[in-house]
Amino acid sequence: MTLQLWTWILVGITFALYIGIAIWSRASSTKEFYVAGGGISPLANGLATAADWMSAASFISMAGLISFNGYDGSVYLMGWTGGYVLLALLLAPYLRKFGKFTVPDFIGDRYYSNVARTVAVICALIVSFTYVAGQMRGVGLVFSRFLEVDINTGVIIGMIIVLFYAVLGGMKGITYTQVAQYCVLIFAFMVPAIFISIQMTGNPIPQLGFGSTDTNGIYLLDKLDGLHRELGFHEYTSGSKSTIDVFFITAALMVGTAGLPHVIVRFFTVKKVSDARKSAGWALLFIAILYTTAPAIALFSRTNLIETVSNKEYKTLPQWFSNWEKTGLIQFDDKNGDGKVQYVADASKNELKVDKDIMVLANPEIANLPNWVIALVAAGGLAAALSTAAGLLLVISSSVSHDLIKKMINPNISEKGELIAARLSAVVAVVVAGYFGIHPPDFVAATVALAFGLAAASFFPAIILGIFNKRMNKEGAIAGMVVGILLMLFYMTKFKFGWFGGGSKDNWWFGISPEGFGTVAMLVNFTISIIISKFTPAPPEEVQDLVENIRIPSGVGSASTH
Amino acid sequence: MATDTKKYWKTNLKYLTILLSIWFVVSFGCGILFVDELNNIKLGGFKLGFWFAQQGAIYVFVILIFVYIKLMNALDEKYNLND
C-alpha cells in the first residue's frame, strides 16, 4: 500500500474515533462542560493531562530541537517535566479543594476582587490564544506534508474536528478524546523510536539505547561528540549557552508549566483532593515516557543524518533526501561545486540547511521503516496538536462564558444560557484560532516562549501566595501580577521585536535571554506582592478561613459555582 | 486552626521542603550547576551530568510525586482528614 493511502486510513480511523467519543460523552450541564462533572478517575485524568500538555511542539519539534542543540536542549526536557512536581506538590491538591471551575475563579475569590479576576482573565486569554494558534498551524503542517493538501485546507479540516468535539462535548468530551489521543500519540512516537534503537544499538529500549554502543562497540554519544568536533560544531554533550541562562530558562519553563491555565484546570475534573495528587503523578509518568525517549531519538537521528549526508556525493543520497528537499525543509547549496555535501558549523562553508521539525517526521524514512509507521507518525502529530488545541479552546470559552459573562456581566444568567454562551464562545475561539493558523502572525513563534513567561510572571506567584501566605491580600497580589506581566512584556518586546530601543544579546540584563526572563519577572512579582501586603490591610476573616479550609483535604465538595 | 490541622500543615510543609530540595538538586544542581564536574564521571555511555539533564532528573521527578502521594495519604489517614 502506498504511504498516502496508509496515512488517509490511519488519520481517518483516529478522527472517526474522536468524533464517536465526542457524541457518546457530550456535555449536558455547565458543570460537565467546564470540569467534566468532576467525576474523572485519576488514571484517565493523568492520560488526558498528558495529551493536553504534549502539543505539536512536544511531538514534532522537541526531539529536533534537542538534536540541534545537544545539551542545551535539556532546558525543555527538565523544564517541561519539572513543572509537574510543582503542580502536584504546591498547586493541584489545594485548587481542587477550593473546588471552582477556572483559575480566574480562584484568583477572584481568594483576592475578593473583580479587578484581580479581570487581570487573571486577561492573562488566561493571552496565554491560551498565543498557544492555540501554533497548534492549528501544526495541524495544517502535518496535513500538507503527509496528505499533500494545502496547509490552509489542513487547518480548516482540523478546525471542523476540534469544533465538533470541543463544542459538543465540553470538558467531558475532550477528556475522553484526550485519553484516546494520548494512546495514539505515544504509540506513534514509540514505534519508530524502538525500531531505530534496535537498528542502531541492538537495544529495543530507546532510553537504554541512548547510552549504548553501535555495531563497532563505540558509545553513540562519544561517536557523535567526535563527529561534532570534526565538523566544527560544539560538542553534543556540552552546551554553548551560559550556565545562568540555562538555569533561568529551565526555571521559567517549569514555573510557566505549573501556571498554565489549561493544565491547572484539568485538576478540577477529579473527585477528591487525593485524586488530584494521583492524577499529577500519572500525568508526569505518561509525559516522561515521551520526554525520556525524545533525547534518544535526537541522538539517533543526528548521528544518522551526519553519517548519511556528510561528505557524500549529492547524487548518491537516498530517496528521502530529495523527498524532503521538495518541501523546502532540507536545502542543499553546493557552494564549492564539488558535488558533495559539506555539512559544517562554519556558515560560509556549510552547504546544508535542515529544519528541526524533520527529525521526528522524517526519522522513519531515514531509518527505512515501513509505510504504516510513517503514516502513524502523521496520525500521532495530529493527535498531539488537536488534543492541546481542544484543551486551550476550553479555557478560552470558560473564561468568556463563566468568568466574564456569569461572574461579571450578567450574574443572573440561567444555567442553560451559560451553557449556550460557553458553546458560542468555543465556536468563536475556534474560528479565531483557525484564522491565526492560516495567517500566522510573525510573532507566533516568539510568543510561545512568551506564554510560559507570562504564566510564570503572573499566575504562579498569585496562586502560591494565595495558598501558602494567609496574610496575602488583594493589593499585594494585584500589584504583583500587573508588575510581573508588564515587566515580562517589556523585556520580551524589547529584545524580540526591538521596541523600547531594542537591544542585542550583549544588552540582556544579567545575561538572561527573554526565554529565561519569566523567572526574573516571577521573582519580582513575589517580592512586590509581599512588600505591598505588609503595608496594606489584612484580607477579611472569611478569606483567611477559606485559606485554612483549602489546606486540608477533608470536606471536599464537588466543583460548583458557589 | 485546631492543633491537629496545624500539625498536619506543619508536617506537610516539612515534606514539601524535603521533596522540593531533592527536586532542585537533581535538576538545577546535577543537571545545570554541577554538570561539568559530574560529566567527568561516566555512567555506561553517558557522562553523568548530561544523563541527569536529559534522563535522570525526569525519572526522579516521577518518583518524587509518587512518594508525595504515599506520604500525604498516610498523613491524611493519621489526622483523619482524608476526603
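A short reminder: the numbers here are calculations on the coordinates, not readings from a lab. Please read all numbers here as calculations on a predicted model, not as lab measurements. Cβ sites come from the backbone with ideal geometry, for glycine too, and all protein chains shown count toward neighbours.
Which one of A:Leu394, A:Val149, A:Met254 has its Cα pushed farthest toward the positive end of the charge dipole of chain A, where Lys and Arg give +1 and Asp and Glu give -1 at the Cβ? Sorting the options by dipole projection puts first A:Leu394.
In the protein assembly as shown, with Lys and Arg counted as +1 and Asp and Glu as -1 at Cβ, which of these residues, A:Tyr34, A:Ala429, A:Phe129, has the Cα nearest the positive end of the dipole, that is, farthest along it? Final value for the positive-end residue is A:Tyr34. Partner chain Cβ atoms within 10 Å, averaged over the residues of A:275-287 - can you pull that number for me? Other-chain Cβ atoms within 10 Å of each residue's Cβ, averaged: 4. The slack in the chain from A:Asn350 to A:Phe490, taken as 0.36 nm per residue of separation less the alpha-carbon distance, amounts to 46.8 nm. Computed from backbone phi, the HN-Hα couplings of the stretch B:21-37 come to 5, 5, 3, 5, 5, 6, 8, 5, x, 5, x, 10, 5, 10, 4, 5, 4 Hz, rounded to whole numbers (Karplus: 6.51 cos²θ - 1.76 cosθ + 1.60, θ = phi - 60°; Gly and Pro given as x). Of interest is the spacing of the C-alpha centroids, which for the stretch A:373-429 and the stretch A:72-106 amounts to 20 Å. Counting only residues at least eight positions apart within a chain, or on another chain, the aspartates and glutamates with an alpha carbon under 13 Å from that of B:Lys70 are A:Asp275. Cross-link partners of A:Lys416 among lysines, defined as those whose alpha carbon lies under 16 angstrom from its own and excluding same-chain residues fewer than eight positions apart: A:Lys31, A:Lys406, A:Lys407.
Using the rule -39500 (n - 2.57) for each DSSP H run of four or more residues, divided by the residues of chain B, the 222 nm mean residue ellipticity is -20000 deg cm²/dmol. Rounded, prolate or oblate: which fits the stretch A:314-360 when a ≥ b ≥ c are the square roots of the eigenvalues of the alpha-carbon gyration tensor, with rounded for a/c under 1.5 and prolate only if a/b beats b/c? In terms of gyration-tensor shape, oblate. Dividing the helix sum by the residues of chain A, where each DSSP H run of 4 or more adds -39500 (n - 2.57), gives a mean residue ellipticity at 222 nm of -21500 deg cm²/dmol.
About the centre of its Cα atoms, the stretch A:485-562 shows a dipole size close to 420 debye [charges on the beta carbon of Lys, Arg (+1) and Asp, Glu (-1) only; nearest 20 debye]. Peptide A:399-405 has a mean shielding of 0, counted as Cβ atoms of other protein chains within 10 Å of each residue's Cβ. The C-alpha atoms of chain A define a longest principal axis, and helix A:3-24 lies at about 10 degrees to it. Using a cutoff of 8 angstrom between alpha carbon atoms and counting only pairs six or more residues apart, the relative contact order for chain A works out to 30 percent.
Would you mind working out the magnitude of the charge dipole of the protein assembly as shown relative to its Cα centre, with +1 at each Lys and Arg C-beta and -1 at each Asp and Glu C-beta, to the nearest 20 Debye? That gives the protein assembly as shown a dipole magnitude of about 1580 debye.
Bridgeable aspartates and glutamates around B:Lys10 (alpha carbons under 20 Å apart, same-chain partners fewer than 8 residues away excluded): A:Asp545, A:Glu548, B:Asp76, B:Glu77, B:Asp83. Assuming charge only on the beta carbon of Lys and Arg (+1) and of Asp and Glu (-1), the dipole of the stretch B:3-78 about its Cα centre is about 200 debye to the nearest 20.
The phi-based Karplus calculation (6.51 cos²θ - 1.76 cosθ + 1.60; θ = phi - 60°) puts the 3J(HN,Hα) values of the stretch A:325-331 at 4, 4, 6, x, 7, 10, 10 Hz, whole numbers, x for Gly and Pro.
Counting lysine pairs in the stretch A:314-360 that sit 8 or more residues apart in sequence, or on different chains, and whose Cα atoms lie under 21 Å apart gives 13.
3J(HN,Hα) along the stretch A:470-478: 5, 7, 5, 10, 5, 4, x, 5, 5 Hz, from the Karplus curve 6.51 cos²θ - 1.76 cosθ + 1.60 with θ = phi - 60°, whole Hz, x for Gly and Pro.
Helix A:168-201 axis versus longest C-alpha principal axis of chain A: approximately 30°, rounded to the nearest ten.
Amide H to amide H distances under 5 Å link A:Lys340 with A:Tyr314, where only residues 5 or more positions off or on other chains count and H is placed in the peptide plane. Between the helical axis of B:57-78 and the longest alpha-carbon principal axis of chain B there is an angle of about 10 degrees.
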